[in-house]
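**Q** Can you keep this structure in mind? I'll have questions shortly.
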Amino acid sequence: MCAAWKAIVAAALAGCTAAPPTPDEQHAATLAEWRDMRFGMFIHWGPVALRGTEIGWSRGTQVPRAEYDALGTRFDAPAFDPREWARVAKAAGMKYVVLTSKHHDGFCLWDSAVTEHDVMSSPLRRDVVGELAAACRKEGLAFGLYYSILDWYQPDYNTAGSQGGPGCALSPGEAPSMDRYEAYLHTQLRELAERYGPLLTFWFDGHWEEPWTIERGERLAAFCRDLDPRILVNNRVGRARPDASPPGDYGTPEQEIGAFDDERPWETCMTICRQWAWKPDDALKSREECIRTLVKTAGGDGNLLLNVGLMPDGRIEPRQADRLREVGEWLAGNGESIYGTRGGPFYPGEWGASTHRGRLVYVHVFAWEEGERALPGLDQRIVAAHRLGGGAVDFAQTDSLVTLRVPPAAQDPVNTIIVLELAAPVRGHARGSRVPTAFDRGEHGEWLSAHATYELSSRAPQWSRHEDRLLGGEDYPADFAFHTAEERDPWIAIDLGEPCAVRGLEIENRRNGFQERATGLTAWVSTDGETWRPVWQAAEIRAKWEIVLDPPAAGARYVRIGRHAERDGYLHLYSVRVYGDR
């Protein structure tokens, strides 16, 4: 139980002079507790595990609809043991679990009174939701439920005909009704909340598809609060009204680490393999990637909901369970730098991330430069520094720079954690979002593009926001990005004003992900703006590149960055910097 909730409960029990917590206070306490947890397990499971294809999305594509809908008649899991799922989550250092109670395919993992398309009509005939809820509480884990608003089986949803329900559930000549579907949805949520509550969250999905509307989403959020004022609701309850944030308590970036945001809570949902549902021989994330993903998420002030897809027999795949236990072993020694912390004061990046609590800052360093890590300046004075777990750390501090030094032999190849003790609690962020690089030290010439101009192949409507910062790359919202309109070969051409020897480039994607939009990225130079020669091409997808041209591109007045793909897309950037000699 978090400190905020304890304080509310203590006040309520102190006597008649203390008013009981209001619904808003109860809700705020749950949200604070959830943010302190930082790490949870997402579980995708259902009859589709029998095929090894993606849950929901493979219906009517990889698996014919009739065959997909009939998988429940063969759904049995001889190794089904939710107590083991909960034990694995706890061993991984996770603090909560979210289960797919119903995905887009409409199959329910509990005994619902309003449909027979559920687990109790399958050979398994066990209340998956109820048994897992009990197992989580026994292990001290909070419990929440994913629920898809979209339902490709229930025929009342299919007014758009995007998937098509079984049809026989409607009377002959009867038209689908979204009002009737909304009543169906509310009935199922009431079943879940009253039977298995208190729930940590309702994690909604499928909100984008017509005929679901903004108004229905707002009613759904209010309905959940009426069911239980403590329950959290994510931002996928419904689309946002123009010029407004989506309803819900927290954001849900998917398969990407969210941008730094210490105001609106958020949670990255990500798979431990590639597919949400179990797939044979799916590519498994490494121990290093799992740990660094958790660290960068916490460093951005978000939670990580890491997904496992259960096997047809009901087990967490052994190699996935082993990987989760490895993360738990790391957290057993380093969890104080994750749990109950806030993100910052240094913005996360390829270099690493930081978290803080009170006067302590935990600096997680992934990448070193000759045994040093340079960071932006802090307003608070550093009084001491050491490695978490023991070991001195040399440091230097000026108004604009913090430099940390750890000998290579003492560096952890995955993540070296340095604890900074400040003279006063952290106030705000470090001075500037940019982590100093070799370019900042002038090792590859001057910053040529600081006062350059540029031309675009096309402009998205929102391009003009912070337009003057594109060639600067800091001090504007981290979740913002410049991008072109959608086209086959988008580009930006930078005019340096005179021929130069270009020696280096820094190219950074949108900071809350979308790295896939960097595929096919190429840089060219030109003396006249008409004839171009390539000088670099992305060999891999990354959030940021620091490119040194050897030899330098002599006589280059123009630099063009472009993206080539097999289909239309965006050029999607946070910043571009060009370095060299005039």
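The values are calculated or read from the model by the stated rules, or taken from the named source; none is laboratory data. Here the structure is a predicted model, which means the values were calculated and not measured. Don't worry about glycine lacking a Cβ; one is built from the backbone with ideal geometry, like all the others, and counts go over all protein chains shown. Note: areas computed on protein heavy atoms with side chains; ligands, DNA, RNA excluded. Shrake-Rupley method; radii C 1.70, N 1.55, O 1.52, S 1.80 Å.
**Q** Taking the conditions exactly as written (buried (at least 17 other Cβ atoms within 10 Å of the Cβ) and of a type in the set (A, V, I, L, M)), does residue 244 satisfy them or not? Explain how you work it out, then say what you get.
**A** Details: buried (at least 17 other Cβ atoms within 10 Å of the Cβ): no; of a type in the set (A, V, I, L, M): yes.
Criteria not met by residue 244.
**Q** Mind checking which residues of segment 20-43 are aliphatic (A, V, I, L, M) and more than 18 Å from residue 328 (Cα to Cα)? Lay out the reasoning, then the answer.
**A** Taking segment 20-43 first, the residues aliphatic (A, V, I, L, M) are 28-29, 31-32, 37, 41, 43.
Matches in segment 20-43: 28, 29, 31, 32.
**Q** Among the numbered criteria (1) touching a Gly at 6+ places or on another chain (Cβ under 8 Å); (2) in contact (Cβ under 8 Å) with a residue 40 or more places away in the chain; (3) loosely packed, with under 12 Cβ neighbours inside 10 Å, which single criterion is violated by residue 399?
**A** If we test residue 399 against (1) touching a Gly at 6+ places or on another chain (Cβ under 8 Å); (2) in contact (Cβ under 8 Å) with a residue 40 or more places away in the chain; (3) loosely packed, with under 12 Cβ neighbours inside 10 Å, just (2) comes out false.
**Q** For segment 403-420, give me the residue count where each residue is open to solvent by 70 Å² or more (accessible area, probe 1.4 Å) and either within 30 Å of the chain's Cα centre (by Cα) or free of Cβ contacts under 8 Å to residues at least 12 places away in the same chain (or both). Please lay out each step first, then the result.
**A** Filtering segment 403-420 for residues open to solvent by 70 Å² or more (accessible area, probe 1.4 Å) gives 405, 407-409, 413.
Cutting the leftovers down to either within 30 Å of the chain's Cα centre (by Cα) or free of Cβ contacts under 8 Å to residues at least 12 places away in the same chain (or both) gives us 409, 413.
Total meeting the criteria: 2.
**Q** Does segment 288-328 hold any residues that are assigned to a loop (DSSP other than H, G, I, E, B), over 18 Å from residue 269 (Cβ atoms) and not hydrophobic (A, V, I, L, M, F, W, C), and which are they? Full working, then the answer.
**A** As a first pass, look at segment 288-328 and keep what is assigned to a loop (DSSP other than H, G, I, E, B): 300-302, 310-317.
Imposing the further condition that a residue be over 18 Å from residue 269 (Cβ atoms) reduces the set to 311-315, 317.
Matches in segment 288-328: 312, 313, 314, 315, 317.
**Q** Another question about this same structure. Can you tell me which residues in segment 51-77 are outside any loop (DSSP other than H, G, I, E, B) and either among the small types (Gly, Ala, Ser) or open to solvent by less than 40 Å² (accessible area, probe 1.4 Å) (or both)?
**A** Taking segment 51-77 first, the residues outside any loop (DSSP other than H, G, I, E, B) are 59, 63, 65-69, 71-74.
59, 63, 66, 68, 69, 71, 72 - these are the residues of segment 51-77 that are outside any loop (DSSP other than H, G, I, E, B) and either among the small types (Gly, Ala, Ser) or open to solvent by less than 40 Å² (accessible area, probe 1.4 Å) (or both).
**Q** Right, another one. Return the pair list, or none, for Cβ contacts closer than 6 Å from residues in segment 113-136 that are within 19 Å of residue 87 (Cβ to Cβ) to residues that are assigned to a strand (DSSP E or B) and not acidic (Asp, Glu), at least 6 apart or on different chains.
**A** Once the first residue is within 19 Å of residue 87 (Cβ to Cβ) and sits in segment 113-136, its partners that are assigned to a strand (DSSP E or B) and not acidic (Asp, Glu) give 129/101; 132/99; 133/143; 136/97; 136/143.
**Q** Scanning for something of a type in the set (Phe, Trp, Tyr) and under 22 Å from residue 509 (Cβ atoms), does segment 266-279 turn up at least one residue?
**A** Quick first cut of segment 266-279, residues of a type in the set (Phe, Trp, Tyr) only: 266, 276, 278.
Next, only the ones that are under 22 Å from residue 509 (Cβ atoms) stay: 266.
Yes.
**Q** Could you list, ordered by first residue, the pairs with Cβ atoms under 8 Å in which the first is in segment 243-267 and within 25 Å of residue 215 (Cβ to Cβ) and small (Gly, Ala, Ser) and the second is open to solvent by 50 Å² or more (accessible area, probe 1.4 Å) and at pLDDT 90 or above, at least 6 apart or interchain?
**A** 245/264; 251/264
**Q** Select from segment 154-188 the residues that are crowded, with 18+ Cβ neighbours inside 10 Å and part of a loop (DSSP other than H, G, I, E, B) and write down the one among them that is modelled with the highest pLDDT.
**A** Going through the qualifying residues, I end up with 154.
**Q** On the given criteria, is residue 122 among the polar types (S, T, N, Q), modelled with pLDDT of 95 or more, over 29 Å from the mean Cα position of the chain (by Cα) and crowded, with 17+ Cβ neighbours inside 10 Å? Show your work before the answer.
**A** Details: among the polar types (S, T, N, Q): yes; modelled with pLDDT of 95 or more: yes; over 29 Å from the mean Cα position of the chain (by Cα): yes; crowded, with 17+ Cβ neighbours inside 10 Å: yes.
Yes; evaluated as a whole, the condition is true for this residue.
**Q** Here is a further query. Find the residue count for segment 388-415, including only residues that are in contact with a Phe, Trp or Tyr (Cβ under 8 Å, 6 or more places away or on another chain) and not in a loop (DSSP other than H, G, I, E, B). Walk me through it before giving the result.
**A** Start the filter on segment 388-415 by keeping residues that are in contact with a Phe, Trp or Tyr (Cβ under 8 Å, 6 or more places away or on another chain), which leaves 388, 402-406, 408, 411, 414-415.
Remaining after also requiring not in a loop (DSSP other than H, G, I, E, B): 402-405, 408.
Of the residues in segment 388-415, 5 are in contact with a Phe, Trp or Tyr (Cβ under 8 Å, 6 or more places away or on another chain) and not in a loop (DSSP other than H, G, I, E, B).
**Q** Restricting attention to segment 468-509, which residues are of a type in the set (Asp, Glu), modelled with pLDDT of 75 or more and surrounded by fewer than 17 Cβ atoms within 10 Å (Cβ to Cβ)?
**A** The first filter runs over segment 468-509 and keeps only residues of a type in the set (Asp, Glu), leaving 468, 474-475, 479, 486-487, 489, 495, 498, 506, 508.
Applying the additional criterion that residues be modelled with pLDDT of 75 or more yields 486-487, 489, 495, 498, 506, 508.
Within segment 468-509, 486, 487, 489, 495, 498 meet the criteria.
**Q** Taking segment 517-562 on its own, how many of its residues are at pLDDT below 90 and either part of a loop (DSSP other than H, G, I, E, B) or out of contact with any strand residue (DSSP E or B) (no Cβ under 9 Å at 6 or more places or on another chain) (or both)?
**A** Result for segment 517-562: 8.
**Q** Right, next: Which one is most open to solvent (accessible area, probe 1.4 Å), of the residues in segment 329-387 that are in contact with a Gly (Cβ under 6 Å, 6 or more places away or on another chain) and part of a loop (DSSP other than H, G, I, E, B)?
**A** Among those that are in contact with a Gly (Cβ under 6 Å, 6 or more places away or on another chain) and part of a loop (DSSP other than H, G, I, E, B), it is 348.
**Q** Could you grab me the full set of residues in segment 274-287 that are more than 15 Å from the chain's Cα centre (by Cα), surrounded by fewer than 24 Cβ atoms within 10 Å (Cβ to Cβ) and either at positive phi or assigned to a loop (DSSP other than H, G, I, E, B) (or both)? Talk me through it step by step, then tell me what you get.
**A** Here is the first cut: in segment 274-287, the ones more than 15 Å from the chain's Cα centre (by Cα) are 275, 277-287.
Going one step further and asking which of them are surrounded by fewer than 24 Cβ atoms within 10 Å (Cβ to Cβ), we end up with 275, 279-287.
275, 279, 280, 281, 282, 283, 284, 285, 286, listed by residue number.
**Q** Looking at segment 333-387, which of its residues are among the hydrophobic types (A, V, I, L, M, F, W, C) and farther than 17 Å from residue 403 by Cα? It would help to see each step written out before you state the result.
**A** Restricting attention to segment 333-387, the residues satisfying the condition of being among the hydrophobic types (A, V, I, L, M, F, W, C) are 338, 346, 351, 353, 360-361, 363, 365-368, 374-375, 378, 382-385.
The one that is among the hydrophobic types (A, V, I, L, M, F, W, C) and farther than 17 Å from residue 403 by Cα: 338.
**Q** Which of the residues that make up segment 226-242 are farther than 20 Å from residue 105 by Cα and touching a helix residue (DSSP H, G or I) at 6+ places or on another chain (Cβ under 7 Å)?
**A** Taking segment 226-242 as the starting set, the residues that turn out to be farther than 20 Å from residue 105 by Cα are 226-235, 239-242.
If the condition is that a residue be farther than 20 Å from residue 105 by Cα and touching a helix residue (DSSP H, G or I) at 6+ places or on another chain (Cβ under 7 Å), then 227, 228, 229, 230, 231, 232, 233, 239, 241 are the ones that fit.
**Q** Also: How many residues does segment 189-224 contain that are acidic (Asp, Glu), open to solvent by less than 40 Å² (accessible area, probe 1.4 Å) and part of a helix (DSSP H, G or I)? If you could, list the steps in order and put the result at the bottom.
**A** Keep residues of segment 189-224 that are acidic (Asp, Glu), which gives 191, 194, 205, 209-210, 215, 218.
Of the ones still in play, those that are also open to solvent by less than 40 Å² (accessible area, probe 1.4 Å) are 191, 205, 209.
If we keep only those that are part of a helix (DSSP H, G or I) as well, we get 191.
Qualifying residue count, segment 189-224: 1.
**Q** Can you name the condition, by its number, that residue 116 falls short on among (1) part of a helix (DSSP H, G or I); (2) open to solvent by 20 Å² or more (accessible area, probe 1.4 Å)?
**A** Tallying (1) part of a helix (DSSP H, G or I); (2) open to solvent by 20 Å² or more (accessible area, probe 1.4 Å), residue 116 fails exactly one: (1).
**Q** Among (1) open to solvent by less than 20 Å² (accessible area, probe 1.4 Å); (2) in contact with a helix residue (DSSP H, G or I) (Cβ under 8 Å, 6 or more places away or on another chain); (3) part of a helix (DSSP H, G or I), there is one condition residue 145 misses while meeting the rest; what is its number?
**A** It fails just one condition, (3).
**Q** Mind checking which residues of segment 236-258 are more than 17 Å from residue 289 (Cα to Cα), in contact with a strand residue (DSSP E or B) (Cβ under 6 Å, 6 or more places away or on another chain) and of a type outside the set (Gly, Ala, Ser)? Spell out the reasoning first.
**A** Within segment 236-258, the subset more than 17 Å from residue 289 (Cα to Cα) is 236-253.
So of that shortlist, the ones also in contact with a strand residue (DSSP E or B) (Cβ under 6 Å, 6 or more places away or on another chain) come out as 236-237, 248-253.
Result: 236, 237, 249, 250, 252, 253.
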